[in-house]
Structure formats: C-alpha cells, structure tokens
Amino acid sequence: MARESGMLLERISRLRKGFEEARARGQAMVPKIGTPAGTGLERPAVVQALGELLQNVSGSEVDVLPSPSYLTHGMRQLLSRAGQIAERLHWLTADQATSHGLTKGSAVAALGAIVRSVATLPNSVTVQDLRLEGLKVQLMLLEQLAENLEASQAHCNSRKRQLMVLARLLGDLHASAQLEGNGPLEPCRLEPVVAMVLEFARRDTWREGLWIPAEAVNDTAMMIAADGWNVALVMARACLRHACPNGVELEEVVLAGLVHDVGMLGVPEIQMKQVEAWSATDRGVMEGHARLGARLLEQWLPGAAAARGMVLWHHERPDGTGYPDGLLGAEIPELARLGAVTDMVCGLLLPRSNRPATPWIEAVRVAVRSAEVGLLDPKWVGVVAALVDSPDERLAS
Ligand SMILES: [Fe+2]
Ligand SMILES: [Fe+2]
C-alpha cells in the first residue's frame, strides 16, 4: 500500500507539473489525464491510495469505500486536484491556524469527505455530473485554504528564521566581547532582523507577529532572542501609534528592543536552569545583565546611545527601587521607560518552566497595577495597553 501511495504521489507530482506547464503556456487549468485501461488509475485504486495519503497527512483514520465502477473524466480531474491539495497539506505542520481560524486538521477532514463522496457517487451520469459540480466548488475552497495555510506557514517560518539569526548574533556578540583583541561585530548583520520587525509592526494587527512558543524554550540565547523580538515589535507598534520617545529613530527603538537582554548571556546556564530560589549572589549576577549588555552594545555600536540607555536602564523603576542605578522618575530616559513597560508585559507572555504563558490582557493588567504603585511609567503603560485593536478586549481590560 505504501508503494502504491508512493506511486500515486509520483503521479500527482507529474500531473502537477503538467498543470503548471499548461498554465504557463496559457492553456486550460486542468490537465488532461490519459488513463489507458490497466494503468492502475481506476477509481478504487486511486481512492484507496488517496485515502492512505490523507491518513498519513492527518494521522487519523480516513474511511474509504472502494467502488467497482470506473472513473469518469470529471472524477479523475477532481481526484487529481484533491491529490494536489493533499500533497500541499502534507508538508505543513499540523493545526497551523490561518487568519481565518482554519487548520490543517479541518482541511484534511474536508478533503477526506470529498474523496469519500467520489467513492460513493451513483452510476447515473447526470447525478454524477451534478454532484461533481458541487464537489468542484468545495475543492476550490480547499485550494484557497491550502494557499492560506502555506502563506501562514511561510510567515511563521520566516519569523523563526529571523529569530535564529538573532539568537546566533546575540551569542556571537557575547563571545566576541569575551575574546581579547577581537574587533566589534559587523552591525549590518542585524539590519535584516530590524527591517523584518518593522515590516511586521506595520503590516499586522497588534497580536500577530509576536513569537510565543507553546512550551518554555530551553535555550538561553533563543529565549533572549524571542523576548527581544517581542519587545522590539511591541515597542515599534507603540511608537508607530504614538510617537518615538524624544525623537529617537524607529530603527534604534527596534534595535534597543532586540538586544535589551543580551547581557543575560553572562548569567551562567546552570543558574538559568536552577529550580531552587536564587541567592543574593545569584541575583547580583542576574542584575549585572543590564551593565554587561550596555557594555557589549557600546563596543559593538558606539553610536547607538539611546539604545544603550535602554539596555542599561530597562529595569529601573520610577519609584527608585530598580537597578542598576536606582534612578528616579524623569531621571530614567523615555526610551528606557517604554522599554520597562514592554519588557514586563512581553516577559509575561512567554511560557517559563515554572509557569504557563500569561494572556496579553492579564499581562497588561499587571502593568497597570505596577504603574499604580510607581513601578512603571503610566503614560507608556497607557500607550502599550491601547495597542489592542478589538473594543471587546479593551473593555475586558
Ligand atoms: Fe532585562
Ligand atoms: Fe527582557
């Protein structure tokens, strides 16, 4: 059966090639399927093999009813299109949600239903034609869905790739700072990531584009990169909706967000994974990430003074209880105040080994309460809280 399904896949890809070549030549969209008798393209074999393919795709049982009758031309066309869609879905991860809330699971279920319908079509040609028309419409919708799923997957993959670049870059930055005589890193390597964040910030609605893994990430560089990505994205959106703090360039806001926690690479891996509570010494090492990060950024990009300020002071609190300098209120630069709000909210959005991810609304509530007791700047809490597009969610907060 696996061999047959492999053969079918081969046939499907041949069909698709023909389909694409015909389209390139401006010919009919549906390829002609030459099926001399005895080549194995009879309906029972195709339906059964497609069923197996779908089963592989969905991981769930697809009940296929074999039928003794031969494929009509319309059925062949329909099944080959179903096969093309199945093949496209095959390469997507399960339950990839699109902006329409559709998943690979629901697409596979619908595709399975269509294949089953073909298997049980009555022998009357008129009824078959009518039913086939209905099934063709369903297939068109599924094709659209497969396209949405692919676009959504590509969107997600490109973001992950950028995060990997960022994680590697943060690691390199740290390593190069530790090696004597090593010159500063090429700053241009971060440019594509900054551009990508800005593209997401401009294009998507407030919630999209954030990178929120299903489970805690067990890699410090990746975790710092994910947090950096989210902080940069939310700060960029806040600046696009409001205004950049004190005329700081949007690119520098994004840069500051991306690297704000780079100094966390100085905290030993063993401490990051430690289950028991941190000692005063551990806490000191962790708090040292602000100064270490600022030093790294200074060596790397001496001109980025505003970004350096955010890296150094994103844990300062307006009531003077923050670190590393215990600055008070307006002594903390605006960008660092926006950074502190965003960092608190985004930190809660990520799942950790000891707690699940916090929903956005709850994270914003925490920020509002923190502003009430002098731990965050209320102005920037208001700006970040207002990023929510839906009035319902705004009311809920
Ligand atoms: Fe931090
Ligand atoms: Fe952070």
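The values are calculated or read from the model by the stated rules, or taken from the named source; none is laboratory data. From a predicted model like this one, the values you see are computed outputs, not experimental measurements. Quick reminder, even Gly has a Cβ in these numbers, built from the backbone with ideal geometry, and neighbours come from all protein chains shown.
Looking for something part of a loop (DSSP other than H, G, I, E, B), within 16 Å of ligand 1 (Cβ to nearest atom) and crowded, with 23+ Cβ neighbours inside 10 Å - is there at least one such residue anywhere in the range 319-328?
No: the range 319-328 contains no residue that is part of a loop (DSSP other than H, G, I, E, B), within 16 Å of ligand 1 (Cβ to nearest atom) and crowded, with 23+ Cβ neighbours inside 10 Å.
So which residues in the range 238-286 are in a helix (DSSP H, G or I) and over 30 Å from the mean Cα position of the chain (by Cα)?
Passing the criteria: Asn246, Gly247, Ala280, Thr281, Asp282, Arg283, Gly284, Val285.
Quick one: would you say Arg291 is part of a helix (DSSP H, G or I) and either surrounded by fewer than 22 Cβ atoms within 10 Å (Cβ to Cβ) or more than 15 Å from ligand 1 (Cβ to nearest atom) (or both)?
So Arg291 fits the description; yes.
Would you confirm, using the coordinates I've provided, whether Glu316 is crowded, with 24+ Cβ neighbours inside 10 Å and within 12 Å of ligand 1 (Cβ to nearest atom)?
yes
Here is a yes/no grid of residues against (1) crowded, with 20+ Cβ neighbours inside 10 Å; (2) at pLDDT below 95:
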position: Pro213; (1), (2): no, yes
position: Asp219; (1), (2): no, yes
position: Val231; (1), (2): yes, no
position: Arg241; (1), (2): no, yes
position: Val259; (1), (2): yes, yes
position: Val262; (1), (2): yes, yes
position: Glu287; (1), (2): no, yes
position: Glu298; (1), (2): no, yes
position: Leu312; (1), (2): yes, no
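Within the range 211-225, how many residues turn out to be away from ligand 1 (no atom under 14 Å from the Cβ), under 17 Å from Val197 (Cα atoms) and outside any loop (DSSP other than H, G, I, E, B)?
Qualifying residue count, the range 211-225: 1.
With respect to Ala363, is the statement that it is within 15 Å of ligand 1 (Cβ to nearest atom), of a type in the set (A, V, I, L, M, F, W, C) and within 20 Å of Met235 (Cβ to Cβ) true?
No: the conditions fail for Ala363.
Go through the range 329-362 and give me each residue that's outside any helix (DSSP H, G or I) and at pLDDT 95 or above.
Listed by number, the residues that qualify are Ile332, Pro333.
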